[in-house]
Ligand SMILES: [Cu+2]
């Protein structure tokens, strides 16, 4: 995601759309042999792998995960040796904001992976591929991405330690991360946001920056368990107009993605910009990106934001632990609603039976359900 420094709300009328969403099969798993071609992420896996809370990992498991991430960063990408295997994921996430692959709804944009119904299935597929990579580089076919339950203080405390994700940035050094395996000097950001995007927000450093809970001097809070419970009550997966402006009571996806009072997204110099009304707090997924990143103005009046605020937010490995938790909330929501995703009439890449950019390998519908995709969560929120 990308933070917006937009100061003024431009509150246009919601765009009318001819799209319709069918709720006929909601709550009912589609019958076998419905004619739809499905292919799952791990058809060869008979036992689902377990994604666990960081607070429950042993010291050896914590260390094995960090080693795998560091190895991925030191291994050239088999598909493109100009960057590391790890950075393939940063590049995918960055390119997902390109207008070229966006859905232009009469000037109001939905992205390939954000402010769009694809938000949850896209990040699920990204995480599965990230996990596959960690298994490959570590030689451990059972390795999974642990989740950071940001509603839980014990999980949060277990995440931000010197042997794992490191802590907060150092205010004396421009909020550079100076602790842990991804500290400045040890972990270098090789893929940055496009310059045009940086100009619109802040100039990005080539090391991780974090400024916990500070949004231009105002406190940002992490969502609580009760916020998650509330989100799980949303009955529909998504709603017209299928972007950041979807009503959260009707759109579980936007409830969880976290846009509130969003402005129409625009396309500037080839990149989609999604802002929202000034003073309207981001929620859920967005709020955590902002909580970790922070936004601040330095003594010279220059605006900065932390690494998790950029389109290249996967540069901070906390991204994957955060998104595992977002996916876990999705898993809790979809339990009784498996295969609900009936959107049709959208451009290719947003309909239930379409495949998603850039992989084009599995249908959106096939991304629903964790166990049939070869993994499950230790616990689900309720
Ligand atoms: Cu994202």
Check your understanding: Out of (1) at pLDDT 95 or above; (2) outside any helix (DSSP H, G or I); (3) within 24 Å of residue 345 (Cα to Cα), what's the single condition that is false for residue 253?
Key -> (2)
**Study point:** Which numbered condition residue 291 misses (of (1) out of contact with any helix residue (DSSP H, G or I) (no Cβ under 6 Å at 6 or more places or on another chain); (2) buried (at least 24 other Cβ atoms within 10 Å of the Cβ); (3) within 30 Å of residue 352 (Cα to Cα))
**Key:** (3)
**Study point:** Among the candidates 283, 299, 324, 277, residue that is touching a helix residue (DSSP H, G or I) at 6+ places or on another chain (Cβ under 8 Å), farther than 14 Å from residue 209 by Cβ and modelled with pLDDT under 95
**Key:** 283
**Study point:** Criterion (in a helix (DSSP H, G or I) and either away from the ligand (no atom under 16 Å from the Cβ) or touching a strand residue (DSSP E or B) at 6+ places or on another chain (Cβ under 7 Å) (or both)) met by exactly one of 156, 142, 151
**Key:** 156
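Rundown of residues vs (1) crowded, with 20+ Cβ neighbours inside 10 Å; (2) out of contact with any helix residue (DSSP H, G or I) (no Cβ under 9 Å at 6 or more places or on another chain), yes/no style:
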residue: 201; (1), (2): yes, no
residue: 208; (1), (2): yes, no
residue: 212; (1), (2): no, no
residue: 218; (1), (2): no, yes
residue: 228; (1), (2): yes, no
residue: 235; (1), (2): no, no
residue: 238; (1), (2): yes, no
residue: 246; (1), (2): yes, no
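Of the residues that make up segment 73-81, is at least one in contact (Cβ under 8 Å) with a residue 24 or more places away in the chain and assigned to a loop (DSSP other than H, G, I, E, B)? Outline the logic, then answer.
Step one: of segment 73-81, the residues in contact (Cβ under 8 Å) with a residue 24 or more places away in the chain are 73, 75.
From the residues that got through so far, the ones that are assigned to a loop (DSSP other than H, G, I, E, B) too are 75.
Scanning segment 73-81 turns up at least one residue that is in contact (Cβ under 8 Å) with a residue 24 or more places away in the chain and assigned to a loop (DSSP other than H, G, I, E, B).
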Check your understanding: Do we have any residue at all in segment 73-89 that's within 16 Å of the ligand (Cβ to nearest atom), out of contact with any helix residue (DSSP H, G or I) (no Cβ under 6 Å at 6 or more places or on another chain) and at pLDDT 60 or above?
Key -> yes
Exercise for review: Please find, within segment 49-60, the residue that is farthest from the ligand (Cβ to nearest atom) out of those that are part of a helix (DSSP H, G or I) and in contact (Cβ under 8 Å) with a residue 60 or more places away in the chain.
Suggested key: 59
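Name the residue, out of 281, 264, 314, that is buried (at least 20 other Cβ atoms within 10 Å of the Cβ) and in a loop (DSSP other than H, G, I, E, B). Explain how you work it out, then say what you get.
Values: 281 fails: buried (at least 20 other Cβ atoms within 10 Å of the Cβ); 314 fails: in a loop (DSSP other than H, G, I, E, B).
Just a single option satisfies the conditions, and that option is 264.
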**Study point:** Hits in segment 191-217 - residues which are over 15 Å from residue 302 (Cβ atoms) and in contact with a strand residue (DSSP E or B) (Cβ under 7 Å, 6 or more places away or on another chain)
**Key:** 194, 196, 197, 207, 213, 214, 215
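I'm trying to understand the selection: among the residues of segment 94-114, which are in a helix (DSSP H, G or I), out of contact with any strand residue (DSSP E or B) (no Cβ under 8 Å at 6 or more places or on another chain) and more than 16 Å from the ligand (Cβ to nearest atom)?
100
Can you tell me which residue is farthest from residue 111 (Cα to Cα) among those in segment 299-314 that are more than 12 Å from the ligand (Cβ to nearest atom) and within 17 Å of the chain's Cα centre (by Cα)?
Taking segment 299-314 and keeping what is more than 12 Å from the ligand (Cβ to nearest atom), we get 299-307.
Those left that are additionally within 17 Å of the chain's Cα centre (by Cα): 306-307.
Working: 306: 22, 307: 20 Å.
Only one residue fits best here, namely 306.
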**Study point:** Lone unmet requirement of (1) under 17 Å from the mean Cα position of the chain (by Cα); (2) under 18 Å from residue 116 (Cβ atoms); (3) outside any loop (DSSP other than H, G, I, E, B) for residue 291
**Key:** (2)
Practice item. Identify all residues within segment 315-350 that are within 14 Å of the ligand (Cβ to nearest atom) and closer than 17 Å to residue 381 by Cβ; write none if there are none. Key: 321, 322, 323, 324, 325, 326, 327, 330
Practice item. Residue by residue through segment 117-139, note down the ones that are crowded, with 22+ Cβ neighbours inside 10 Å, outside any helix (DSSP H, G or I) and away from the ligand (no atom under 11 Å from the Cβ). Key: 117
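The values are calculated or read from the model by the stated rules, or taken from the named source; none is laboratory data. None of the values given here were measured: they were computed from a predicted structure. We place every Cβ from the backbone using ideal geometry, glycine too, and count neighbours over all the protein chains shown.
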